[in-house]
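Below: one structure, written as structure tokens.
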Amino acid sequence: MKNILPSIICLFFIIKATAQESRKFFYATIQDEVSVVSNAHVINLNTKQGTFTNNNGEFRVLAKANDTLQISFVGYETKNFVVDVNHFGMQENYIQLKKVPIELDEVAIKKHNLLGHISSDTKHIKSEKEINAETLNLPFAGSRILTPAERRLHTATSSYGGIAIDPLLNWISGRIKKLKKFKAIEDREKRIENIRSNYHILIEHELKVLKEDIDRFIYFAESANDFNTLYLNNDVAMITFLQKKSKEFKNLNPEKYN
């Protein structure tokens, strides 16, 4: 037993050193003194991999202890943030940016007849009206652009004046049912592409799904009865769901994952 103990200790330190070399997702929120900062650029200077913060100021990037993240955004001081091993725990990580005052070299003051009162001065301010589909009152201005499947389904189920003969004939012939199937297929492909583009690194490096199985795993997860489309807008929920499904997927493929 005494001879085995030094070997176990040595093995422990080897595993620990190897784990420190592997990178995993680092999560954090970028904010200033008032609110979160969306669309800030984050780059890992050690790996040269980058990303942007979402509308909530959140981001994730592959990193390990002692990696340096560079955060930059117009109007803020660029900040270098050194990742610590404690940042991978359960606590939330916040990185604060400092605003940079913008100084003008020269200000040209023009003569005006403003009095300093909003109620009266607004009458003297000329504003140019933006010209677009909405200001020109064009039909369907401001409407969301339909996808090909949505457009075909809308055309088949809509009627422009008079008796709605076409929608009725389309329903009787089964065309509407077929178009709804096309729309469902299109929606599913969008969900799968969303998962693939946002979580393929997590699936391969953290969940240890083989590269050749990634697409098959994504279809497996998306078609599960407990999949919820709300996961697509919630990183934590989606990651938890994919972790659960990776275990099920590996159990169904024991020849590869045992």
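Considering every residue within the range 219-228, establish whether at least one is acidic (Asp, Glu) and open to solvent by less than 80 Å² (accessible area, probe 1.4 Å). Among the residues of the range 219-228, at least one is acidic (Asp, Glu) and open to solvent by less than 80 Å² (accessible area, probe 1.4 Å), which makes the answer yes. Take the residues in the range 5-36 that are exposed (fewer than 15 other Cβ atoms within 10 Å of the Cβ), hydroxyl-bearing (Ser, Thr, Tyr) and outside any helix (DSSP H, G or I); name whichever of them is modelled with the highest pLDDT. By that ranking, first place goes to 35. Checking each residue in the range 46-58 for being assigned to a strand (DSSP E or B) and closer than 18 Å to residue 98 by Cα picks out 52, 58.
When the range 247-257 is limited to residues that are modelled with pLDDT of 90 or more and in contact with a helix residue (DSSP H, G or I) (Cβ under 7 Å, 6 or more places away or on another chain), the one that is most open to solvent (accessible area, probe 1.4 Å) turns out to be 250. Looking across the range 37-64, the residues that are loosely packed, with under 15 Cβ neighbours inside 10 Å and touching a residue at least 24 places away in the same chain (Cβ under 8 Å) come down to 39, 45, 47, 56.
If I filter the range 202-211 for residues that are open to solvent by 70 Å² or more (accessible area, probe 1.4 Å) and free of Cβ contacts under 8 Å to residues at least 12 places away in the same chain, do I get at least one hit? Among the residues of the range 202-211, at least one is open to solvent by 70 Å² or more (accessible area, probe 1.4 Å) and free of Cβ contacts under 8 Å to residues at least 12 places away in the same chain, which makes the answer yes.
State which residue is nearest to residue 202 (Cα to Cα) when the search covers only the range 214-258 and only residues that are free of Cβ contacts under 8 Å to residues at least 24 places away in the same chain, outside any loop (DSSP other than H, G, I, E, B) and of a type in the set (S, T, N, Q). Ranking the candidates gives 240 first.
The values are calculated or read from the model by the stated rules, or taken from the named source; none is laboratory data. Nothing here was measured: the structure is a model prediction, and the numbers come from that model. Virtual Cβ from ideal backbone geometry, glycine too; neighbours counted across all protein chains shown. The protein model used for the area step is the full one, side chains on, heavy atoms only, and it has no ligands, DNA or RNA in it. Shrake-Rupley method; radii C 1.70, N 1.55, O 1.52, S 1.80 Å.
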